[in-house]
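FYI, it's all coordinate maths here, none of it is from the lab. What you see is a predicted model; the values in this text were computed from it and never measured. Glycine also receives a Cβ, built like all others from the backbone with ideal geometry; neighbour counts cover every protein chain displayed.
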Amino acid sequence: MNAAVPSSSEPHVMQTYGRLPVALSHGQGCWVWDTNGRRYLDGLAGIAVNTLGHAHPRLVPALQDQVAKLIHTSNYYLVPLQEKLAAKLVEISGLANVFFCNSGLEANEAALKIARKFGHDRGNTSPEIMVFEGAFHGRSIATLSATANPKIQAGFGPLVPGFVRAPLNDLAAVEAAVKAHPNLTAIFLETIQGEGGINPARVEFLQGLRRICDTHDLLLMLDEVQCGIGRTGKWFAHQWAGIVPDVMPLAKGLGSGVPIGAVVCGPRAATVMGPGNHGTTFGGNPLAMRAGVETLTIMTEDGLLANAEKIGAQIKAGLEAGLSGVDGFVEVRGQGLMLGVALDRPCGALLTQAVEAGLMISVTADRVVRLLPALIMTSDEAAQLVGILVPLIKRFLAQPKS
Ligand SMILES: *Cc1c(COP(=O)(O)O)cnc(C)c1O
């Protein structure tokens, strides 16, 4: 049971979040200010959303221009900005076409529908989809069924059937499950698990999945909602493995803060959906499309992939140097600006302590401090982040385990 106590500061908002008592008023780059004028270094970027940080000097006027022209029209008519953003996504991914929606779970929902119809088109009327331990794919009924976290599923059954779960990074287990489930049509995973604790799928594992999918006519579907859009130092995290997926849901960082989702499909998945099979009222609206186009353009012009790689390596090295040998520190995981500091104990208390120290972070999977800063972060800001976080974690670990 949820014993949600109505927050006195927002009695009319449904209490679905455990919020920190900080009200933010504005931001600039990697910094945000609260309503009392206090400044925070933003190590979270709205959970990997604000790719260009806050109030970016080229994104702001572009969005102002777009708001003054068209915000929304509907998908009854051509939306030229959809084609413009789709062409960019196709170019940087090497895939074939794109469906636009508004969020991560919607992108995953579309991917799941594509996987099922891919089966039906082959005469398989009970298609199954392989998902993984530790996975997070969203909170709709279908995507929470694909998610592995029992806390997220509790109270919302019956779950959607048709999912087969396997352990991450265990190719032999995947091969056995593929043999045991002849109705499988797709393998679906995050290239780097985010909410699950920053757990990367290994390069050889991804390459093995690509081979298995080719051999058994399965779709390889990579959820890059969190790890995509340059965060790891390549446009998409799977590009480090030199493979290409058949279906790739995107969302968080694509619009630099404007809600957007996209499913990018390769040739085997691109024509599974036809007119009438899927749709959304808001999906692909001109404001979101403009945000996507400007985000990708600015990322390219300003070399933000290289920056993510460089600044991420600096933060990782700084954290490792500061924490190695400290009792209770396990490891730093992840790549580029998607990093997790794994500890040996639950560390939710660090959220409040970080805010008190002027830093925004997240804690996920109970024991992992997660960093997802904007891709514009400078070397000086990265040094400040490490300079705040290392002593904070050390002090936390020095306390007796509760
Ligand atoms: C955040 C996230 C989602 C869900 O996105 P929403 O926009 O919150 O619906 C799905 N998959 C992954 C990997 C995510 O990180």
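Brief remarks on what is shown
- Nearest-0.05 FRET efficiency for Asp344 and Ala176, computed from C-beta distance (R0 45 Å): 0.90
- Ranked Tyr77, Tyr40, Tyr17, criterion: other C-beta atoms within 10 Å, fewest first: Tyr77, Tyr17, Tyr40
- Comparing Thr215, Thr295, Thr364 in a Gaussian network model of the chain, where Cα atoms under 10 Å apart are tied by springs, the biggest mean-square fluctuation is seen for Thr215.
- Here the residues Ser8, Ser256, ranked from fewest to most Cβ neighbours within 10 Å of their Cβ, fall in the order Ser8, Ser256.
- GNM flexibility winner over the chain from Leu89, Leu24, Leu287 (Cα, springs under 10 Å): Leu24
- Across the range 331-341, computed HN-Hα scalar couplings (Karplus, 6.51 cos²θ - 1.76 cosθ + 1.60, θ = phi - 60°) run 5, 9, 10, x, 8, x, 9, 10, 10, x, 9 Hz from first to last residue, x flagging Gly and Pro.
- Full-stretch length increase - Lys401, Gln314 - with 0.36 nm per residue and alpha-carbon distance subtracted: 28.3 nm
- Theoretical FRET efficiency, 1/(1+(r/R0)^6), r = Cβ-Cβ of Ala154 and Ala87, R0 41 Å, to 0.05: 0.45
- If you take the Cα centroid of the range 171-228 and the Cα centroid of the range 323-363, the two points sit 28 Å apart.
- Estimated FRET transfer efficiency (Thr378, His26; beta-carbon r; R0 25 Å; 0.05): 0.80
- Extension gain (nm, one decimal) between Ser74 and Thr35, 0.36 nm per residue minus Cα-Cα: 10.4 nm
- In sequence order, calculated HN-Hα J values of the range 144-152 (Karplus, 6.51, -1.76, 1.60; Hz; x Gly/Pro): 6, 5, 6, 6, 9, 7, x, 5, 6
- With Rh defined as the Kirkwood radius, the inverse of the mean 1/r over Cα pairs, the Rg/Rh of the chain is 0.96.
- For the range 291-297, 3J(HN,Hα) per residue [Karplus equation, 6.51 cos²θ - 1.76 cosθ + 1.60, θ = phi - 60°, Hz, x = Gly/Pro]: 4, x, 4, 5, 4, 5, 5
- DSSP bridge pairs, the chain: antiparallel proportion in percent, nearest 5: 70 percent
- Inter-label distance for Ser324 and Ala357, nm, one decimal - labels placed 7 Å from Cα along Cα-to-Cβ: 2.0 nm
- Listed pairs Lys113/Lys252; Lys117/Lys179; Lys151/Lys394 exceeding 23 Å between Cα atoms: Lys151/Lys394
- GNM result for the chain, Cα springs below 10 Å: residue of Glu356, Glu128, Glu381 fluctuating most strongly: Glu356
- Per-residue Cβ neighbour counts within 10 Å put Met273, Met130 in the sequence Met273, Met130, beginning with the fewest.
- The trypsin sites (Lys or Arg not before Pro) found in the range 194-278 that occupy coil by DSSP, while having at most 16 further C-beta atoms within 10 Å, are Arg202.
- Scattering curve values for the range 70-301, log₁₀ I(q)/I(0), Debye with Cα scatterers, q = 0.15 Å⁻¹: -0.97
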